[in-house]
Structure formats: structure tokens, C-alpha cells
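J.: Encoded as C-alpha cells, here's the structure I'll be asking about.
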Amino acid sequence: MPRVILLGPPGAGKGTQGAKLASHFAIPTFATGDILREAKANQTPLGLEAARYMDEGALVPDAVVVGLVQNCLQQDAAQHGWILDGFPRTLAQAQALDEMLGQQASGYDQVLFLNAEDDVIVPRLHQRALEKGRTDDTPAVIKARLEEYRAKTYPLVAYYQAKGHLRKVDGTGDIATVFASLCDLLRSPDV
Ligand code: AMP
């Protein structure tokens, strides 16, 4: 069963594709953004702390999300595969994940880099704002999130490339085409 990290800028389609892959392979998907939004809506201590960063388009501190993902990966449901959507997002998070998985024979099977350029993702994010009303899809916050992505998350492409785990997928196509490419990669032998 696959263990997959979905990497890519906001608006590349990680959430959509992560949910489809999870249902296809019957494994859980852990989307840190969704978990944090739920905690925020429920006004839990985690949600209240995270909201301060999310509303500005900044990343939530590493220790907070690392603890959260640790809990997710310990669940029974996660013992036969999982999808991580939106984690890791910093080098420190990637290293923490390596440590978490260090005891396992193969920590993760694939890092799928779902990429799309700004001219595709910015209109998608504006459209999502209209459809879903996410408070962090306003123009100013979108700009901040893209800056955070470039500064802190994009370097993970080189990190996983150096480990030989990274596979690139063009995220600009329609949902079915991108999904087919992801499934092909997950079925094909190691990188
Ligand atoms: P997303 O739904 O993945 O776009 O995430 C929404 C927001 O949640 C981000 O802009 C961050 O503020 C926060 N967030 C989600 N995942 C992480 C993460 N791995 N590290 C830090 N902050 C995160």
C-alpha cells in the first residue's frame, strides 16, 4: 500500500487529488490544512493558536504540525498506507518526518510534486474563494501564502530529489488527467 507525500504550491490540486487517491487505494489522507481549519472552527486551543498564522497566510510553527502529524500516523487506519497533503512544508518538518518514519523499512514510497505556475494557481485560488469562502483565499493572503511556499516549502523539492524519491506531475491538466498520471506513477516501479 502506498505511502505518499503530496508536495506542491497552494492551488495545485493536492486536496482534490489526495482525496481521490485515498478513496482509490482505500487509505487515509491527512491534510494538515483541513485538520487545522477544523480545529479553528471548533475553537480548540490548537485551532486558536493556528488561526493567528493561517489568517495571515503564514505557516503554523513546526512543533505544532509535527505533533499533529505524529498523532495521525500512529492511528490504526494509517498502518497500511497514507497520503500526506500539505505536510511537510519546511525542511525541519521533512527532517522530523524522516525521524518519525526512520524505524520503518521504507519510510515513504513516493513524494509526488504536483506543480503548476502562478498563472494557473492564482485564478484557481480566487475561484475557490468564491466557491468555498476560505478566509485565506483573499488576494493579500494568497500572496503571502505563495511567498511562504517559495521561501520555505519549495526547497523540499531539492531535498527529496537528492534522496531520489521525487516524481514530478503536471498539475495544470483537468482533474481526471492529473489523477491518471498520479496513479501511473504510484503503480510504476521505484524512481
Ligand atoms: P492548506 O489548506 O494546505 O492550504 O493550509 C492552510 C494553512 O494551514 C496554511 O496557509 C498554513 O497556515 C497552515 N498549514 C497547513 N499545513 C501546514 C504545515 N505543514 N506547516 C505549517 N502550516 C501549515
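The values are calculated or read from the model by the stated rules, or taken from the named source; none is laboratory data. These figures come from a predicted structure and were not determined experimentally. Cβ: placed from backbone, ideal geometry, glycine included. Neighbour counts: every protein chain shown. Keep in mind that these areas ignore ligands, DNA and RNA; they rest on the heavy atoms of the full protein, side chains included. Shrake-Rupley method; radii C 1.70, N 1.55, O 1.52, S 1.80 Å.
J.: Remind me, relative contact order of the chain in percent, using alpha carbon pairs under 8 angstrom and six or more residues apart?
T.: Working: 269 pairs, mean separation 63.3, N = 191.
Normalised by residue count, the contact order of the chain is 33 percent.
J.: If the limit is 25 Å between Cα atoms, which of Lys14/Lys163; Lys20/Lys143; Lys14/Lys143; Lys40/Lys132; Lys20/Lys163; Lys14/Lys152 go over it?
T.: Violating the 25 Å limit, Cα to Cα: Lys20/Lys143; Lys20/Lys163.
J.: To continue, here is another question. Would you mind calculating the relative contact order of the stretch 95-176 from Cα pairs under 8 angstrom and at least 6 residues apart, reporting the percent as a whole number? Can you show the working numbers first?
T.: Working: 47 pairs, mean separation 38.3, N = 82.
Averaging sequence separation for qualifying contacts and normalising by length gives 47 percent for the stretch 95-176.
J.: Using label points projected 7 Å from each Cα along Cα→Cβ, tell me how many nm separate Met100 and His126, to one decimal.
T.: 3.6
J.: Averaged per residue, what accessible surface does the chain expose to a 1.4 Å probe, in Å²? It would help to have the intermediate numbers written out before the result.
T.: Values: 9570 Å² over 191 residues.
Here the per-residue accessible area is 50 Å².
J.: Using label points projected 7 Å from each Cα along Cα→Cβ, tell me how many nm separate Gln74 and Lys168, to one decimal.
T.: The modelled label-to-label distance comes out at 3.8 nm.
J.: Roughly speaking, what is the centre-to-centre gap between the stretch 16-49 and the stretch 117-189 when only Cα atoms are used, to the nearest Å?
T.: The two parts, judged by their Cα centres, are 16 Å apart.
J.: When the chain is modelled as a GNM with alpha-carbon springs shorter than 10 Å, which of Thr177, Thr32, Thr90 fluctuates the most?
T.: Thr177
J.: Just grab the label-to-label distance for Ala58 and Ala26, each label 7 Å out from Cα along the Cβ direction, in nm (one decimal).
T.: 4.4
J.: Same structure again: For Ile83, which sequence-distant residues (separation of 5 or more, or a different chain) have an amide H within less than 5 Å of its own amide H, given hydrogens modelled in the peptide plane?
T.: Amide H neighbours of Ile83, under 5 Å, 5+ apart: Val4, Thr29, Phe30.
J.: Taking only DSSP H segments of four or more residues, each worth -39500 (n - 2.57), what value at 222 nm results for the chain once the sum is divided by all its residues, to the nearest 500 deg cm²/dmol?
T.: Details: 9 runs with 103 residues, N = 191.
Mean residue ellipticity at 222 nm (helix-derived): -16500 deg cm²/dmol.
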